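Participant: Sharing a structure here in structure tokens format.
Throughout, read-outs are computed from the coordinates displayed, never taken from laboratory work. Because the structure is predicted, anything quoted here is derived from the model rather than measured. A quick note on method: Cβ atoms are made from the backbone with ideal geometry, for glycine too, and the neighbour counts reach across all protein chains shown.
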Amino acid sequence: MRRTLHVEPLSAASFGAFGSVIDTASAREIYPINHGTSLRFNALATVDCASLEGVPIVSIFRAEPRARPLKIQQLERHPLGSQAFMPLGTAPYLIVVSESLSALPRAFLASCSQGINLFRGTWHHALLALEARSDFLVIDRIGAGDNCDDGELSNPVWID
């Protein structure tokens, strides 16, 4: 029997068990800077990378668009640090996360103005760009130790 995931809109409340949503709506602290010409939406996520003397790095990932239906079979996690993604384009994208490889994953639709910061150890699917090739600013950890575990879901799921 084919299991199909319901795609939920991304929000801080719905995503809270897996990480932080990076957007202006999630800001708890906002204040003017630069002589009042800008607003700072402060501390939207925390970079967690200090394990084994890791350091934060900034990269750009380019994801090719995926056509639906999508078969979700493999996930990965980063046990030594968080991983943040902020889209640089105008297309929405999907996020698939799970508590474990045996649990039913959850799927979230993110707008082009929403980024995410996955907590350390959160199982997630690779980037799922939808409408166009999409670039993402990524902040994660580099350093000693193996920081990427790959795994296969005990029962694959689909996103229509």
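Participant: When N counts the residues of the stretch 1-61, how does its alpha-carbon radius of gyration compare numerically with 2.2 N^0.38 Å, as a ratio?
Facilitator: 1.60
Participant: Calculate log10 I(q)/I(0) of the chain for q = 0.21 Å⁻¹, where I(q) comes from the Debye formula with a single equal point scatterer on each Cα and nothing for solvent.
Facilitator: Taking Cα atoms of the chain as identical point scatterers yields -1.48.
Participant: Residue by residue, what Karplus-based ³J(HN,Hα) values in Hz, rounded to whole numbers, does the stretch 149-160 have, using 6.51, -1.76 and 1.60 with θ = phi - 60° and x for Gly and Pro?
Facilitator: Karplus-based 3J(HN,Hα) across the stretch 149-160 equals 9, 9, x, 10, 5, 5, 9, x, 10, 10, 10, 7 Hz.
Participant: Next up: So what is the 222 nm mean residue ellipticity for the chain from helices alone, if each DSSP H run of at least 4 adds -39500 (n - 2.57) and you divide by all residues, rounding to the nearest 500 deg cm²/dmol?
Facilitator: Rounded to the nearest 500, it is -500 deg cm²/dmol.
Participant: Give a quick list of GluC sites (Glu not before Pro) in the stretch 1-108 that DSSP marks as loop, anything other than H, G, I, E or B, with at most 14 other Cβ atoms within 10 Å.
Facilitator: E29, E99
Participant: Using a 7 Å offset from Cα along Cα-Cβ at S100, what residues in the stretch 1-41 end up with backbone N under 18 Å from the label point?
Facilitator: So the set is 17-18.
Participant: Which whole-Hz couplings ³J(HN,Hα) result when phi for each residue of the stretch 66-76 is put into the Karplus expression 6.51 cos²θ - 1.76 cosθ + 1.60, θ = phi - 60°, listed in order with x for Gly and Pro?
Facilitator: Those phi angles translate into 10, 8, 8, x, 9, 8, 9, 10, 10, 10, 9 Hz.
Participant: Could you compute the longest span of the chain free of trypsin sites (Lys or Arg not before Pro) located in DSSP loops and having at most 11 other Cβ atoms within 10 Å, not counting the site residues?
Facilitator: Result, exposed sites excluded: 29-132.
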